[in-house]
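A.B. asks: Below you will find the structure I want to go over with you.
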Amino acid sequence: VEQLPQAGASAEALLDAPEVRLGGEVLATYERGGAQFEARLCSFGEEEARRFNENLQSLMRFYIDAHSPIDHTDDRWRLLTIFEEAREGAPRRFTAAATAMVFSRFVAGGIRTVLKVCQVMVAPTHQRQGHGSALLQLLYDHAATQGAVEVTVEDPSASFRMLRDLVDLRNCRRLGLLQPTEGCESQPLADEARAAARTALRITDEQISRCHEVGCYSLLQRKLAGKEGPEAEATAKPFRLCVKRRLNKKHEETLGALDGAARKAELERLYQALVAEYAVLVARVQEVPTPAGAASGG
């Protein structure tokens, strides 16, 4: 969300929630920029929660492509919202800073749970303050308490994909997973390392590959320092070929419809776009704020 609609109810009214309307479970509280924040997870069994969500949906339909309202009668849906509490001295009141819809689905014959994250929104007044990453970390922490095996994201935008990568990379570093090792830039990730990351992080195979490749890309850039010409090409080639093999498999259907030259050009385009993202991630990974999951729970 970059801006809110000017017509109809004001954004403040749509995102405001008095204390009486806040139900559900408090997952965490934290302070940022001198303000107090509280994260709540609620179902739609209460009328107050449904009414508040209607306000959110009226905003989301302007900014989420192919947006469709959720089915409130399906008990598998939950709403996670980070609220900012009004400053001391004001009436006890909360304003939504970030929200996400979460859907639980069962896999493996109903014995395992996957959480699907949908309709993520950060209010314009709270963007670039770390609330989006706090929201995602809270979802990961909630997945762990629920015994979920994976957290997926429905049709992530480019900006949310970057945020997701940053949170996942920080968790990898915190847990010592998928860290770059000598020679990793020329080899696919070992099955044992992939399985360990999947169990500990609850992220998809695609995300595991991205985190692994970002680390390898960072290592490669250090190796390329001071090199140029054929020497630089020989150093970079193993990583490029390894990543392109993965991309070729991922986009097999699209690439298979192209002839040789066009296929090669499209694969190169996909690779260059990907490493451009990796370059940004390497530069930004140190900037990711402390996850809200480290704050006090309710």
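What follows is calculated from the coordinates using simple rules that are stated; it is not laboratory data. Worth saying up front: this structure is predicted, and the values here are computed from it rather than measured. Using ideal geometry, Cβ is built from the backbone for each residue, glycine included, and neighbour counts are taken over all protein chains shown.
A.B. asks: Quote the FRET efficiency, to the nearest 0.05, computed for ARG222 versus SER157 with a Förster distance R0 of 30 Å and r equal to the Cβ-Cβ distance.
C.D. replies: Numbers: r = 31 Å, r/R0 = 1.03.
Calculated value: 0.45.
A.B. asks: Too long at a 27 Å Cα-Cα cut-off: which of LYS116/LYS237; LYS116/LYS249; LYS237/LYS264?
C.D. replies: Values: LYS116/LYS237 37 Å; LYS116/LYS249 24 Å; LYS237/LYS264 15 Å.
Distance filter (> 27 Å) returns LYS116/LYS237.
A.B. asks: Oh, and also: Count charges around LEU224 for me, please; just the other residues with Cβ under 14 Å from its Cβ, Lys/Arg as +1, Asp/Glu as -1.
C.D. replies: Details: positive: ARG222, LYS223, LYS227, LYS237, ARG240; negative: GLU185, GLU228, GLU231, GLU233.
The answer is +1.
A.B. asks: Rg/Rh for segment 111-184: what does it come to with C-alpha atoms and Rh from Kirkwood? Walk me through the numbers before you get to the answer.
C.D. replies: Numbers: Rg = 13.9 Å, Rh = 13.8 Å.
Taking Rh as the inverse mean 1/r over Cα pairs, Rg/Rh reads 1.01.
A.B. asks: If you average the alpha carbon positions of segment 161-187 and of segment 218-266, how far apart do those two centres end up, in angstrom?
C.D. replies: Here the answer is 19 Å between Cα centres.
A.B. asks: Taking only C-alpha pairs under 8 Å that are 6+ residues apart, what is the relative contact order of segment 84-233 in percent?
C.D. replies: On the way: 163 pairs, mean separation 26.3, N = 150.
Relative contact order, segment 84-233: 18 percent.
A.B. asks: Treating each Cα of segment 141-244 as an identical point scatterer and ignoring solvent, apply the Debye formula and state log10 I(q)/I(0) at q = 0.11, 0.16, 0.17, 0.21 Å⁻¹.
C.D. replies: Values, matching the q order: -0.39, -0.75, -0.82, -1.12.
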